[in-house]
Each structure stands twice: as structure tokens, then as C-alpha cells.
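The structure under discussion appears below in the form of C-alpha cells.
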Amino acid sequence: MSVPAPETLVPDVFDPRQYGQGIPHDRYRHLRDHRPVAWQEEREVLGWPAGPGFWAVTRHEDAVRVLKDSSTYSSYLGATQIRDPDPADLPFIRRMMLNQDPPHHRRLRMLVSRAFTPKRVDRFGAVVRERAHSLLTGAVAQARATDGTCDLVAHVTDDYALLNLTDLLGVPDSDRGLLLHWTQRVIGYQDPDEAGTPELGPDGKPVNPRSPASLRDMFDYAHALAAHKRRHPGDDVMTVLATDPELTEPELEMFFFLLVVAGNDTVRSAAPGGLHLLAQHPDAYRCLRNGEVEFPTAVDELLRRHPPVLTFRRTATQDTDLAGTRIRTGDKVVVFHASANHDERVFPDPFALDLSRSPNPHISFGDGPHVCLGAHFARLQLRVLYDEACRTLPPGPLHLAAPPRRLVSNFINGLKSLPVRVVTDA
């Protein structure tokens, strides 16, 4: 572990509580300009123990370098979350594709890509559109029946993401509550509203929600669902995985975990974030409604401004240099996606919402060997949702009825509520 040089005026971007108030863009800007690779302390927060510290990577060029160079910056050595896993859990956590390096990562990615084909995803387009229209129509009806406002998270985006995922995986609609419960437990563990009081282990410390014991109920369900798919195959991802002779039972468990959590929370976080941006930028929203910009381009700009994932961690496999900073073997190196997406060196006027921005090399879906496998499906869902919002919501701008409530997390860029006024007195 390296011993960083003394640093002054290095703002903290680790504490998850600050993200409950908003993305700390002023701190990111300071780091990009003065300390693009900055040492961060991991203090004890919200009952979670202190850690050894890490390097925060905030410029776009350096972030892309880290994400692409898996031989120097490993996903396998310490996994991909900032907090170090329990050493006893690390072999288990390494079984997930997200926490592997090439060439083993490539084998698993090719296996699951057989199920995640664009052709299969595109067949869900009509169902996804019908669902978006139905949920938005219901939200407007609910607003008309009450005070003219509705929470787009509670009435639209949470169910939209979950029901689309159950379609793709082949999970019965009746079980979608399980998927939401698992997502909140694993993703929202830093937020008391999402996770509740953390379970404590024998040592009095919170139990990692990604530990084998915490995931046993999810894995038991995955095996039961896979057995059902072998007896009653369908045109869905779980049927493909359950009937793949090359996929082991432990690999099936981890794929289900990855698809349920990442597949749900990517859209669950991005969708309300995009709608919030459109409410904040009425001129951009008007251009989108009037057909003055294309939806695919608009989706990428909304993703750039509101990436669903805030950070991903790597571990240095060797001594190296990054942006003039000496990184030692074993150091944690953490990419900050929202900072890289607002790097003035790459994105002119980065805080403008330019729905026609092109090129737009944001890293909201990562880069390199771990670029998001479900990006095509996520973009389809977001494109359809924003299109239907323009068609279904009453004419005029989206007015916020109250500030959104943000997730307390330094990992997921989530909104817990997005109250908007969709019906006016006029």
C-alpha cells in the first residue's frame, strides 16, 4: 500500500451522505483542475468501518485509461466496490463476471451475450412502449384525482424498470416485489430508507449485503426458476442461461444476481434522473416534444448528465503512473463517472443540457472490457419512456412539485422520489 504525499485542500468525495444532497460537482471540478488523481480517506460512515483509502480518478482521459487497461487495473483482485469485501467473501464475489478480468471475464461475457442479443431485446420494444404508456397514463389519472401532482418514481419509473426486467428474464410478474427487495438491499445498503437497519455480524459490524449468507434467498430463487425454465422453456434470458450446458450452477447464481441488480437499477436510476433534467430544462424538453432533436441522441445526453452509476473501483496490479501520480501495487483506484462526464477538457459547456450533443463519449455505461452488456436494452427502455412522456403527459413544461429525494450512496446515482405537477388549474 502506498503512502500518499501530504495533500491540502483535497475535498472529500467519498462520504455517501453528501450524495443524498446532490452530486458534488464543485468538488469534482476542483479535483479535475488540481488533483485529477487524489487520495481519499475512507472514514467510518453510517456504521460501516473505516478503510485504507483510495485514489479518486476524476478526469475523463484518466478514467477511460483505467477502465480499458484491465492488466494494470484489475476488477478481480479486490472486486469493484470501494469498500473492501471481507477476505472470506472475496472468492465468492470474484465469481461474478463484473469482478473478473480477461480472459476469464471474456468467456462469461460470451456465454451471457447469447441471451442478451439485440434481436431478443428489440422484440420487447412493443411491450415496453405499451407499459410506458400505461404507467404514464395512470400517473396522470392519479394526479387528476388528487392535487394535480404525482411522484414519477413511485408511479412510473420503479415499476417500469422492474416489469421490463421480469419480461426479459422470464420472472413472473407476481415475483417482481422480490426483485425490488433484493435491489434495495444490495444497492441501497448505505441508505436507511432503502435498507433499513443493517444486519450485524458476530463482530458487531454490518454484514456485507453481497456476502453469500445475505444472498442465499436470491440464489435459492434462481435455482427454482432455472428448474422451472428447463421444464417450461420460454423466449427469455433465464431459459437461455438455465439450458446452457457450459454454465455452471455457481455461475448461474451470479448471473442472476448481476442481471437482477444491475439490470434493474441501471434504468431505475437513469429514468427519473433524465425526467428530472427535462423538468429543470424546459427549453430542451420543448425541443424534444416538438421533434427538433432525435431521441437516441437525447438519451445519451441525459445519461451523460445523470449516469446511473457514480463509481467503480479497480485495484492496481503493479506500480504505475497515472496523471503524474505514483500508484503502488495493491492500491485502490476508483473512477468517478459523473465527474468524467462533466470534464471540460472533453465536453464543451458540460453543464448545458444539449440534447443534440455529438460526439458524446460519456462513460455512463463504462468502457473497455466491462462496458455494460445491457446497454442496448437500457437505451431502448429510456428512449421509449421519454418518447411516451412527451406524448402522454399534458402539454407544457414539467413542473417540479417538490425537490426530488436522492439516494444516500456513493455508488448509485438514484432518486427515491420525483414529485411533479402534471395537471394545472388551467
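Largest mean-square fluctuation among PRO308, PRO369, PRO250, in a Gaussian network model of the chain whose springs join Cα atoms under 10 Å apart, belongs to PRO250. Amide H contacts for HIS399 (H built 1.01 Å from N in the peptide plane; partners 5 or more residues away or on another chain; cut-off under 5 Å): ARG421. Model label points for THR117 and GLU344, set 7 angstrom from Cα along the Cα-to-Cβ axis, are 4.8 nm apart.
For the stretch 9-71 versus the stretch 266-293, the spacing of their alpha-carbon centroids is 27 Å.
Converting phi to 3J(HN,Hα) with the Karplus coefficients 6.51, -1.76 and 1.60 and the offset θ = phi - 60°, the stretch 153-166 yields 6, 5, 9, 10, 6, 4, 5, 4, 5, 5, 5, 5, 5, 5 Hz in sequence order, with x at every glycine or proline. Taken along the Cα-to-beta-carbon direction at a fixed 7 Å, the label points for LEU400 and ARG17 span 2.2 nm.
Centre-to-centre, using Cα atoms only, the stretch 370-425 and the stretch 308-326 are separated by 31 Å. The chymotrypsin sites (Phe, Trp or Tyr not before Pro) found in the stretch 283-381 that occupy coil by DSSP, while having at most 15 further C-beta atoms within 10 Å, are PHE351. Nonpolar atom fraction for the stretch 238-344, defined as the carbon and sulfur part of the 1.4 Å probe accessible area, stands at 48 percent. The calculated 222 nm mean residue ellipticity attributable to helices in the chain amounts to -13000 deg cm²/dmol, summing -39500 (n - 2.57) over DSSP H runs of n ≥ 4 and dividing by all residues.
Suppose every Lys and Arg Cβ carries +1 and every Asp and Glu Cβ carries -1, with no other charges. What dipole size does the chain come out with about its Cα centre, to the nearest 20 debye? It works out to roughly 540 debye. Note on the chain: with a GNM built from Cα contacts shorter than 10 Å, the maximum mean-square fluctuation among PRO245, PRO11, PRO395 falls on PRO245.
Surface analysis of the stretch 296-426 yields an accessible area of 35 Å² per residue, using protein heavy atoms and a 1.4 Å probe. A cut-off of 5 Å between modelled amide H atoms, ignoring neighbours fewer than 5 places along the same chain, links LEU322 with ILE327. For ASP220 and ALA323, the difference between the fully extended length at 0.36 nm per residue and the C-alpha to C-alpha distance is 32.5 nm. Electrostatic tally near LEU111: other residues with Cβ closer than 11 Å to its Cβ, Lys and Arg +1, Asp and Glu -1, net +1.
To the nearest 0.05, how large is the calculated FRET efficiency for GLU44 and ASP175 if R₀ is 41 Å and r is the Cβ-Cβ distance? For R0 = 41 Å, the calculated efficiency reads 0.65. Radius of gyration (Cα atoms) of the chain, expressed as a multiple of 2.2 N^0.38 Å: 0.97. Extension gain, MET110-ARG391: 0.36 nm per intervening residue step, less the Cα-Cα distance, totals 97.4 nm. Counting only Cβ charges, +1 for Lys and Arg and -1 for Asp and Glu, the dipole size of the stretch 1-98 around its Cα centre is about 300 debye. Once backbone amide H atoms are built at 1.01 Å from N, TRP48 has no partners under 5 Å, excluding neighbours fewer than 5 places away on the same chain. Per-residue extension of 0.36 nm, minus the Cα-Cα distance of PHE351 and GLU249, leaves a gain of 32.1 nm for this segment. Computed from backbone phi with θ = phi - 60° and the Karplus coefficients 6.51, -1.76 and 1.60, the 3J(HN,Hα) list for the stretch 304-319 is 4, 6, 10, x, x, 10, 8, 9, 9, 9, 10, 10, 5, 8, 7, 5 Hz; x is used for glycine and proline. Of interest is the spacing of the C-alpha centroids, which for the stretch 218-254 and the stretch 344-366 amounts to 39 Å.
For the stretch 335-426, the square roots a ≥ b ≥ c of the C-alpha gyration tensor eigenvalues yield an a/c of 1.5 or more together with a/b exceeding b/c, which makes the shape prolate. If R0 is 51 Å, what FRET efficiency do you get for LEU9 and ALA145 from their C-beta distance, rounded to 0.05? Computed FRET efficiency for LEU9 and ALA145 comes out at 0.45.
The values are calculated or read from the model by the stated rules, or taken from the named source; none is laboratory data. No experiment lies behind these values; they were computed from the predicted model shown. Cβ coordinates were reconstructed from backbone atoms using ideal geometry, including for glycine residues, and neighbour counts include every protein chain displayed. Keep in mind that these areas ignore ligands, DNA and RNA; they rest on the heavy atoms of the full protein, side chains included. Shrake-Rupley method; radii C 1.70, N 1.55, O 1.52, S 1.80 Å.
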